[in-house]
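One structure follows; several queries about it will come next.
The values are calculated or read from the model by the stated rules, or taken from the named source; none is laboratory data. Just so you know, these numbers come straight off a predicted model, no measurement behind them. Every residue, glycine as well, gets a Cβ built from its backbone with ideal geometry; the counts of neighbours run over all protein chains shown. These accessible areas exclude ligands, DNA and RNA; they are computed on the full protein's heavy atoms, side chains included. Shrake-Rupley method; radii C 1.70, N 1.55, O 1.52, S 1.80 Å.
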Amino acid sequence: MSTFHGKVAAVTGAGSGIGRALALGLARRGARLALSDVDEVGLAETARVARTLGAEAEAARLDVADREAVKAYATAVAGRFGFVHQLYNNAGIAFSRSVLDSSYEDYERVFAVNLWGVIHGTKEFLPHLIASGDGHVVNISSLNGFMAQGQMSHYCTTKFAVRGFTESLRIEMLAANLPVRVTVVHPGGVKTNIASAALARARAAGLAVTGEDEVRERVYNEKLLKLSPDLAAETILAGVARDEPRVLVGNDARVVDVLVRAFPVAYQRAAVALGRRLTAAVRGRP
């Protein structure tokens, strides 16, 4: 059986970045697509391009933080296509503030999308994936699912949690001998708009945006987010085809994984030093 050809794949966060690249990579492989995002303009463009590649693609606005909406969407996708074989829980947001300066609402906003969105999608699609007889759950964590960063406690907490949730799910599927494979993905720095979107989201929420926030955005866009989304998607899909339980995307993710395993405490001081060097470089200081 083909891993992708003729299979029904649901991709959240398909309007841009890794989500769009996954959708188009699946389209090239002959998958049938159920695409969703809160960004209707970006989503429509992804669906349009997927169709030019010969794919059957349905697009729907979806806020993964809305449990009832995800429940209705999973039912609708299964009804539309007959089966759902693959789920890519990709939708996510970032936010940058220290713990001291963060409000509870800041945490709730990020948790709602990055963690609850993954749980909602998995819970609601899982019965359909089991019924397909050839299911696969692919949950997108991050390099920050095994390495923490300052000013990113909201994001890191969710990505560590996605890793734990996904690995628990895989154990359950294996123990019950159910026909659903499970993969957790840890991308490193992928060239998406996640850093800029985080800053825009802070402004839209009426939060004070400082010069430090703007410098941090530049650090990510100029120094850290380097890998193309297309290459990231190809790495993910290759891992899915091989039924890999854990996929590291990018050399930075692979290197950091080794370093964190070798130096689980010392890496934290190294992260502080690296952050200072990158900030100085962006500011033009030696």
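Quick one: grab the alpha carbon gyration tensor of the stretch 230-286, order the square roots of its eigenvalues as a ≥ b ≥ c, and give me rounded if a/c is under 1.5, else prolate or oblate depending on whether a/b is larger than b/c.
It is oblate, given that a/c is not under 1.5 and a/b is not larger than b/c.
Sequence gap at least 6, Cα distance under 8 Å: using those rules, report the relative contact order of the chain to the nearest whole percent.
Reported as a whole number, the value is 17 percent.
Here's something else I'd like to know. When the convex hull of the Cα atoms of the stretch 1-63 is projected onto a plane and the area is averaged over all directions, what value comes out in nm²?
3.5 nm²
So how much slack lies between T210 and A131, counting 0.36 nm per residue of separation and subtracting their Cα-Cα distance, in nm?
23.4 nm is the gain from fully extending T210 to A131.
Counting only protein heavy atoms and using a 1.4 Å probe, what share of the accessible area of the chain belongs to carbon plus sulfur, as a whole percent?
58 percent
Now for a different question. If you add up the charges near R61, with Lys and Arg at +1 and Asp and Glu at -1, over every other residue whose beta carbon is less than 9 angstrom from its beta carbon, what do you get?
Value of the local net charge: -4.
Measure off 7 Å from each Cα along the Cα-to-Cβ vector at Y104 and A281, then give the distance between these two points in nanometres to one decimal.
Roughly 4.0 nm, to one decimal.
Just I119, I18, I171 to compare: in a GNM of the chain, with alpha carbon springs under 10 Å, which one fluctuates most?
I171
Continuing with this model, one more query. Determine the gain in length on full extension of the stretch R28-S168; use 0.36 nm per residue of separation and subtract their C-alpha separation, reporting nm with one decimal.
47.3 nm
Kindly report the accessible area of the stretch 36-168 per residue (heavy atoms of protein chains, probe 1.4 Å, no ligands, DNA or RNA), in Å².
42 Å²
Which residue, V258, V247, V162, tops the fluctuation ranking in a GNM of the chain built on C-alpha contacts under 10 Å?
V258
Grab the Cα-Cα distance for N251 and K123, subtract it from 0.36 nm times how many residues apart they are, and report the gain in nm with one decimal.
Full extension of this stretch gives 42.9 nm more.
So if R0 is 30 Å, what FRET efficiency would T75 and A238 give, r being the distance between their Cβ atoms, rounded to the nearest 0.05?
0.45
Considering amide H positions built from the backbone, and no H for Pro or chain starts, which residues 5 or more places from K7, or on another chain, come under 5 Å of its amide H?
HN-HN under 5 Å from K7: R32.
Show me the three semi-axes of the equivalent ellipsoid for the stretch 47-138, from the C-alpha gyration tensor (sqrt of 5 times each eigenvalue), largest first, rounded to whole Å.
One finds semi-axes of 29, 16, 11 Å for the stretch 47-138.
With n ≥ 4 as the cut-off for DSSP H runs, can you work out [θ] at 222 nm for the chain, using -39500 (n - 2.57) per run divided by the number of residues, rounded to the nearest 500?
Taking each H run of at least 4 residues, the total per residue is -17500 deg cm²/dmol.
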